[in-house]
Amino acid sequence: MTNPVVLAVVMVLAVLILFSVIKKLVKLALVAVAVLALYLGYLVYSGKEVPRTADELKETLQNKYEEGKEVVEKKVSEMNTSLKEKTFELMEEKVEKLFEDTTGVQVQK
């Protein structure tokens, strides 16, 4: 890159990309801090024990994650079973209707 104009354009683009990445990381960090503050506020409001160390907080969050995961898996399983049953019922109705329609037709000999 011996052309100074091209070098200047590349440098400006590199700075803009770096700035946008840093800006997004700062936003992500602010959102994470806000969510953590809301969670801690919820714990205080509900009267539950607030974790005192980072390890306690990590363990509490992991436990809540596992509980939520189990609930979601259970609901998905229930919905899947319900959906299969409903689909089976609809298919039976359609097949019965199809056979009723075909048996109602007079066959000429």
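Just so it is clear, none of the values below were taken in a lab; they were calculated from the coordinates. All values reported here derive from a predicted model rather than from experimental measurement. Here Cβ is always computed from backbone atoms with ideal geometry, including for glycine, and neighbour counts include all displayed protein chains.
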Karplus ³J(HN,Hα) for the range 42-53 (6.51 cos²θ - 1.76 cosθ + 1.60, θ = phi - 60°; Hz, whole; x = Gly/Pro) runs 4, 4, 5, 5, 7, x, 7, 5, 8, x, 8, 10
Number of Lys pairs in the chain closer than 25 Å at Cα, excluding neighbours under 8 places apart unless interchain, is 20
Here FRET efficiency (C-beta to C-beta, residue 48 to residue 82, R₀ 41 Å, nearest 0.05) is 0.75
Phi-derived 3J(HN,Hα) across the range 65-74 with the Karplus relation (6.51, -1.76, 1.60, θ = phi - 60°), rounded Hz, x for Gly and Pro, is 4, 5, 4, x, 5, 5, 5, 5, 4, 5
Quotient of Cα radius of gyration and Kirkwood radius for the chain, i.e. Rg/Rh, equals 1.44
Rounded to the nearest 0.05, FRET efficiency between residue 33 and residue 2 (Cβ-Cβ, R0 41 Å) equals 0.30
The size of the Cβ-based charge dipole (Lys, Arg +1; Asp, Glu -1) of the range 1-73 about the Cα centre, to the nearest 20 debye, is 500 debye
Taking Cα atoms only, Rg over Rh for the range 51-100 with Rh from the Kirkwood formula is 1.52
When the charge dipole of the range 51-100 is computed with +1 on Lys and Arg Cβ and -1 on Asp and Glu Cβ about the Cα centre, the Cα farthest towards its positive end, among 87, 77, 60, belongs to 60
Here, residue 71 and residue 94, labelled 7 Å along Cα→Cβ, have an inter-label distance in nm of 3.6 nm
